[in-house]
Amino acid sequence: MKTLLAAFLLAILPGCHNAQTKESINTTAPMEAQTIYQFKVEDLSGNEFDFAQLKGKKVLIVNTASECGLTPQYKDLEAIYQQFKDSGLVVVGFPANNFGSQEPGSNQEISAFCEKNYGVTFPMMSKISVKGNDMHELYQFLTQKSKNGVSDSDVQWNFQKYLIGEKGQLEKVISPQTLPTDPEIINWIKS
């Protein structure tokens, strides 16, 4: 009797059966990895920065802080940016106050600090959160395998580096203590 009733319902309601089949097919299909090209953020001056403009370039994304023991890495970040920008490298800094309150300044104060102390010319974005409940969606992409298709990671501290390939996909996560001029990063840039 149940089989007969099920067949009858399927005959009368074919649209419902097809929708259910399509839904179950979609939930079992592998999820395509996202890219950074879907993100738009705000820079330190309040202007929109669209990651889609970086298609075909290698991108080093780094969370920064002005009052950290690792802050001198700004010098090396600027150096590799200057050395490789004409070869397709873009360094993008994201000030964040998530670790030891080491980035307390406003966007204007951060901009002045970076320019005065380290001559930073690479793109610097508005201050965001890189961990916790208020983590920015770009950092959700960088740290969640379900979104980046590569790996899960936690932002360990200021100056953690995320290396994004020419197709906008995450390729490597580099420790905060690893200098931007480390052979691992330089070899990735040159590859």
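The set of residues in the range 154-177 that are closer than 20 Å to Glu103 by Cβ and of a type outside the set (A, V, I, L, M, F, W, C) comprises Asp154, Gln156, Asn158, Gln160, Lys161, Tyr162, Ser175, Pro176, Gln177. When Gly168, Gly88 are screened for being surrounded by fewer than 19 Cβ atoms within 10 Å (Cβ to Cβ) and either on the phi > 0 side of the Ramachandran plot or in contact with a helix residue (DSSP H, G or I) (Cβ under 7 Å, 6 or more places away or on another chain) (or both), only Gly88 passes.
For the range 126-141, enumerate the residues that are touching a residue at least 12 places away in the same chain (Cβ under 8 Å), surrounded by 13 or more Cβ atoms within 10 Å (Cβ to Cβ) and farther than 18 Å from Asp43 by Cβ. Lys131, Phe141, listed by residue number. The sole residue among Ser175, Ser146 that is free of Cβ contacts under 8 Å to residues at least 24 places away in the same chain, assigned by TED's automatic domain parsing to the domain that holds Val92 and surrounded by fewer than 16 Cβ atoms within 10 Å (Cβ to Cβ) is Ser175. Identify, please: which residue in the range 75-85 is in contact (Cβ under 8 Å) with a residue 60 or more places away in the chain and out of contact with any Leu (no Cβ under 9 Å at 6 or more places or on another chain) and is, among those, surrounded by the most Cβ atoms within 10 Å (Cβ to Cβ)? Per the stated criteria, the residue is Phe84.
Quick check, is Ala29 modelled with pLDDT under 95 and closer than 26 Å to Glu137 by Cβ? Criteria met by Ala29. The set of residues from the range 86-95 being outside any strand (DSSP E or B) and free of Cβ contacts under 8 Å to residues at least 60 places away in the same chain comprises just one member, Asp86.
Scanning the range 96-133 for residues that are assigned to a loop (DSSP other than H, G, I, E, B) and hydrophobic (A, V, I, L, M, F, W, C) turns up Phe99, Val120, Phe122, Val130.
The condition (being touching a Phe, Trp or Tyr at 6+ places or on another chain (Cβ under 7 Å), assigned by TED's automatic domain parsing to the domain that holds Asn158, modelled with pLDDT of 95 or more and farther than 26 Å from Ile189 by Cα) is satisfied by just one residue among Phe99, Phe51: Phe99. Scanning the range 134-191 for residues that are among the aromatic types (Phe, Trp, Tyr) and outside any loop (DSSP other than H, G, I, E, B) returns Tyr139, Phe141, Tyr162, Trp188.
The values are calculated or read from the model by the stated rules, or taken from the named source; none is laboratory data. The shown structure was predicted, so the numbers you read here are calculated from the model rather than taken from an experiment. No Cβ is skipped: glycine too gets one built from the backbone with ideal geometry, and neighbour counts run over all protein chains shown.
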